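Working notes for the structure below.
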Amino acid sequence: MHIFKHNLLSFTILLCMVCAGLSNIVSGQNNKGALILVEKSGDVSFSDSQGVNIDGSVFTAGKNVPIDHNIMTGQDGKVVLLLSNGTLMTLTENTKMKVSSFEQAPFPPQGKTLGDLNEEPSSSNIDIDLDMGSLVVKTKKLNKDSSFEIRSAVGVAGIRGTEFQMATSPTQGVQLDVTESTVAFTPPGGQPVNVSQGGGLSVSNTGVATPRPLNPVAAQTISTTNQSATQATENVPMETVV
């Protein structure tokens, strides 16, 4: 049953991404990265760049979410997103975020699927604003000319290709847990702090960064969340995101 659901989801994503890809080719906007909705459940809402609410029913599995649109989850909400550079992002409950900028160079698909990729298919520049809540992320290895940053009120996480969870709140600052590779976190006006595999970082709401071991609960969440997201997308052909 799970295999059927994953195959059906992959097929839905394939059809919608083909349409999106053709639209981009016609409009000449193939240097723009795509943000694709893989799954949503529970309380989920969307708003545009001006904060105007959008009917969430228009965003179904396989549909593109416009860049600079806010995605918000409630108490039981969850959203899984696929970026066209191969990154998977899962928004857990009570989260608000947006991909504020996403540029990606065109690339040849070479008959591959997302599951075939060990690194992103072309250089990209991604900026994400995490206002509150938690993101669980799995990226491909980024090209040397690429950049991937997640911005919060108490600093910026610079990504090079990794699996991690980043959570933020107005009262508790940022909690960063890394299970693979390295994330560099830079508090406002401070120096980057590298958080490597098996490590964590607590950043107060005043920007004070304190290294710590990986939170075992976060480690389990990262593993199970990314495994589920990977299974849902690994058979999507790269032809659909060119």
Based on this model, can you work out whether T221 counts as in contact with a helix residue (DSSP H, G or I) (Cβ under 9 Å, 6 or more places away or on another chain) and assigned to a helix (DSSP H, G or I)?
no
Please work out which residue is farthest from L83 (Cα to Cα), limiting yourself to the stretch 51-63 and to residues that are open to solvent by 70 Å² or more (accessible area, probe 1.4 Å) and not polar (S, T, N, Q).
V52
Hey, any hits in the stretch 91-99 for a residue that's farther than 21 Å from M166 by Cβ and surrounded by fewer than 21 Cβ atoms within 10 Å (Cβ to Cβ)?
no
Scan the stretch 55-85 for residues that are among the polar types (S, T, N, Q) and assigned to a loop (DSSP other than H, G, I, E, B) and jot them down.
T60, Q75, S84, N85
Is it the case, given these coordinates, that G198 is touching a helix residue (DSSP H, G or I) at 6+ places or on another chain (Cβ under 9 Å) and open to solvent by less than 60 Å² (accessible area, probe 1.4 Å)?
yes
T113 vs (1) surrounded by fewer than 22 Cβ atoms within 10 Å (Cβ to Cβ); (2) in contact with a helix residue (DSSP H, G or I) (Cβ under 8 Å, 6 or more places away or on another chain); (3) of a type in the set (S, T, N, Q); (4) closer than 30 Å to S204 by Cα: all pass except (4)
Would you mind stating whether G161 is touching a Ser or Thr at 6+ places or on another chain (Cβ under 9 Å), of a type outside the set (S, T, N, Q) and at pLDDT below 95?
yes
If you check every pair at least six apart or on different chains, which have Cβ atoms under 6 Å apart with a residue in the stretch 90-113 that is farther than 29 Å from D48 by Cβ first and a residue that is acidic (D, E) and surrounded by 15 or more Cβ atoms within 10 Å (Cβ to Cβ) second?
P109/E239
Which pairs do you get when a residue that is at pLDDT below 95 and open to solvent by less than 10 Å² (accessible area, probe 1.4 Å), found in the stretch 64-84, comes within reach of a residue that is of a type in the set (V, I, T) and part of a strand (DSSP E or B), reach meaning Cβ atoms under 6 angstrom, with the pair 6+ apart or on two chains?
none
Please go through the stretch 123-161 and pick out each residue that is open to solvent by 60 Å² or more (accessible area, probe 1.4 Å), farther than 29 Å from N205 by Cβ and part of a strand (DSSP E or B).
K141
Flagged pairs (Cβ under 7 angstrom, 6 or more apart or on separate chains; first in the stretch 173-188, farther than 18 Å from S204 by Cα and without any contact (Cβ under 8 Å) to a residue 12 or more places away in the chain; second surrounded by fewer than 24 Cβ atoms within 10 Å (Cβ to Cβ) and not aromatic (F, W, Y)) are none
Is it the case that V178 is among the hydrophobic types (A, V, I, L, M, F, W, C), part of a strand (DSSP E or B), over 30 Å from P106 (Cβ atoms) and in contact with a Phe, Trp or Tyr (Cβ under 6 Å, 6 or more places away or on another chain)?
yes
Would a scan of the stretch 142-152 turn up a residue that is modelled with pLDDT of 95 or more and at positive phi?
no
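So, E93, is that one among the acidic types (D, E), in a strand (DSSP E or B) and modelled with pLDDT of 95 or more or not? Write out each step before concluding.
Numbers: among the acidic types (D, E): yes; in a strand (DSSP E or B): no; modelled with pLDDT of 95 or more: yes.
No; evaluated as a whole, the condition is false for this residue.
Among the candidates E39, E103, E120, single out the residue that is open to solvent by less than 30 Å² (accessible area, probe 1.4 Å) and charged (D, E, K, R).
Every option except E120 fails the conditions.
The values are calculated or read from the model by the stated rules, or taken from the named source; none is laboratory data. Nothing here was measured: the structure is a model prediction, and the numbers come from that model. Neighbour counts are summed over all protein chains in view; Cβ atoms, including those assigned to glycine, are modelled from backbone coordinates with ideal geometry. Quick note on the areas: whole protein, heavy atoms, side chains included, nothing else; ligands and nucleic acids left out. Shrake-Rupley method; radii C 1.70, N 1.55, O 1.52, S 1.80 Å.
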